[in-house]
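Just below is one structure, and these are the notes that go with it.
The values are calculated or read from the model by the stated rules, or taken from the named source; none is laboratory data. Bear in mind the structure is a predicted one, so any value in this text is a computation, not a measurement. Note that each Cβ is placed from the backbone with ideal geometry, even for glycine, and that neighbours are counted across all protein chains shown. When the accessible area is computed, the model is the full protein with side chains, heavy atoms only, and any ligands, DNA or RNA have been set aside. Shrake-Rupley method; radii C 1.70, N 1.55, O 1.52, S 1.80 Å.
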Amino acid sequence: MKRQKSSKKSVYLDHNATTYARGEVVSAMEPYFMEKFANPSSLHFLGRENREAVERARKEVASFINADEREIIFTSGGTESSNLAIRGALRTLERPLNECHIITSTIEHPAVQNTFISLEQDGVSLDRVECDRFGVVKIDMLEDLIRSETVLVSIMTANNETGIIQPLEEIASRLSGRGIILHSDAVQCIGKVDVDVEILGVDLLSMSAHKFYGPKGTGALYKRKGISLKAVYTGAAHEFSLRPGTENVPAIVGLGKACNISRSMLSGEIDRIGRLRDRMEKILLRKIPEVDIIGKNSARVPNTSSIIVPGVDGEAIVLNLSALGFCISSGSACSSGESGTSAVMKAMGLEPELAKSVIRVSLGIRNTESDIESFAEALAGVVKRLREISPSK
Ligand code: PLP
């Protein structure tokens, strides 16, 4: 049967959920599937070729975030990196879990949030620092929560739903000299703003390739020299004995390439995307009554817009726009399929009714002026229609 090609034009505005891989990334990966397929641990020349590719990628990732290559551990993505960081750090401590105190925030991604819930069940004592109404964690509160048993603080670099950037540098400086490990989930920051681990002052940092035009299912953990971790999985001695399992060479090569390209193109691309996002927000504020932008006065990653559309259900907007060819998200699409009120919106003090009316638009490198204009037009139409049929009208 002949396959019909879809004639529907699509506009993808959901880059915080995932990005496509750049063409150069796919080209760099390709040889490692069929020609250069050997195991990097093999001693023969084909194995060595793969080992060199892995180590080249390690250097590319390291230099992208101003780290040393020996500080990079390849993983299967952001979720695994954070698990390894948090659980791996606790495993090195010579004290039982019920004598460990950890501080995190109320706005973390489930990758971190649920790791802590699980550790709490195992006896760890946990405090969650709140964020203010601008979506920024309260640093003074964080400092007040520190006690002598505090071993780890984990605060994300930028939030996946709002794009709001957290004050990591300031947090690192407040923790300085206290022997507390600082982890940050930087999955939504890498490739969107400059991330320099020396400037941020973090000890552990999680990243994921599929959020910045690399392949899915691969990522890395930055581990500062001198910080001890113990592997979470048991197995062979791969990745400095911290992450056993044969390396996913094509994906690692793709991650390295994504870092390399982002490094050379970051400021130009990011400036353009930031201007596009700001223009889109201006149009929406003008075109759609009562619309508001979450965190408009906070530092945000330049591609993300979290929009409140009072009186309309966010999921209804997503589905109606999808029928018109536009891909956006309501709340966090990383855990898509999950409905209910977003924990992040709740943490920011948004009333449940308003929290349900939030949509997330996240731009990427292929988006154009025409994309945002047609999106604004479509959104205005959908909102008007949904408001007209709303029972609460
Ligand atoms: N952390 C944040 C902030 C995210 O947005 C995501 C998105 O999926 C993750 C972690 C999980 O990353 P991964 O899909 O690579 O496991």
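Percent of accessible area on segment 100-230 owned by carbon and sulfur, 1.4 Å probe?
The value for segment 100-230 is 47 percent carbon and sulfur by accessible area.
Under a Cβ-only charge scheme (Lys and Arg +1, Asp and Glu -1), can you give me the dipole magnitude of the chain about the Cα centre, in debye to the nearest 20?
Magnitude of the dipole: close to 1220 debye.
Taking square-rooted eigenvalues a ≥ b ≥ c of the alpha carbon gyration tensor, is segment 1-155 rounded, prolate or oblate, where a/c under 1.5 means rounded and, failing that, a/b exceeding b/c means prolate?
Values: a/c = 2.55, a/b = 1.47, b/c = 1.73.
It is oblate, given that a/c is not under 1.5 and a/b is not larger than b/c.
On a straight-distance basis, which aspartates and glutamates could pair with LYS223 in a cross-link, Cα separation under 14 angstrom, same-chain partners fewer than 8 positions away excluded?
ASP68, GLU69, GLU71, GLU80, ASP185, ASP196, GLU198, ASP203, GLU239
With a 1.4 Å probe and all protein chains left in place, how much accessible area per residue does the chain have, in Å²?
45
GNM on the chain, C-alpha springs below 10 Å: top fluctuator among ILE227, ILE293, ILE86?
Of the options given, ILE227 has the highest mean-square fluctuation.
Distance check, please: which entries in LYS36/LYS59; LYS225/LYS346; LYS192/LYS282; LYS9/LYS282; LYS211/LYS346; LYS59/LYS346 exceed 30 angstrom between their Cα atoms?
Too far apart for the 30 Å limit: LYS225/LYS346; LYS59/LYS346.
Quick one: Karplus J couplings for segment 147-158, per residue in order, coefficients 6.51, -1.76, 1.60, θ = phi - 60°, nearest Hz, x for Gly and Pro?
With the stated coefficients, segment 147-158 comes to 10, 5, 8, 5, 10, 8, 10, 10, 10, 5, 7, 9 Hz.
What shape does the chain have by the C-alpha gyration tensor, where a ≥ b ≥ c are the square roots of the eigenvalues, rounded means a/c under 1.5, and otherwise prolate means a/b greater than b/c and oblate the rest?
oblate
Under 19 Å Cα-Cα from LYS287, which aspartates and glutamates qualify once same-chain neighbours fewer than 8 residues away are excluded?
ASP278, ASP313, GLU369, ASP371, GLU373, GLU377, GLU388
I'd like the carbon and sulfur percentage of the solvent accessible area for segment 267-330, probe radius 1.4 Å, heavy atoms only, ligands and nucleic acids excluded.
C and S fraction of accessible area: 52 percent.
Find out how many positive minus negative residues lie around GLY226, taking Lys and Arg as positive, Asp and Glu as negative, among other residues whose Cβ is under 13 Å from that of GLY226.
+1
Can you compute the modelled spin-label distance between ASN39 and LEU97, with each label point 7 Å from Cα toward Cβ, in nm?
That separation, rounded to one decimal, is 3.3 nm.
By its C-alpha gyration tensor, with a ≥ b ≥ c as the square roots of the eigenvalues, how is segment 261-393 shaped: rounded for a/c under 1.5, else prolate for a/b larger than b/c, else oblate?
Verdict is prolate for segment 261-393.
If R₀ is 30 angstrom, what is the calculated FRET efficiency for the pair TYR233 and LEU319, using the beta carbon separation as r and rounding to 0.05?
Computed FRET efficiency for TYR233 and LEU319: 0.15.
Run the helix sum for the chain: -39,500 (n - 2.57) per DSSP H stretch of 4+ residues, divided by residue count, reported at 222 nm to the nearest 500 deg cm²/dmol.
Per the formula, -12500 deg cm²/dmol.
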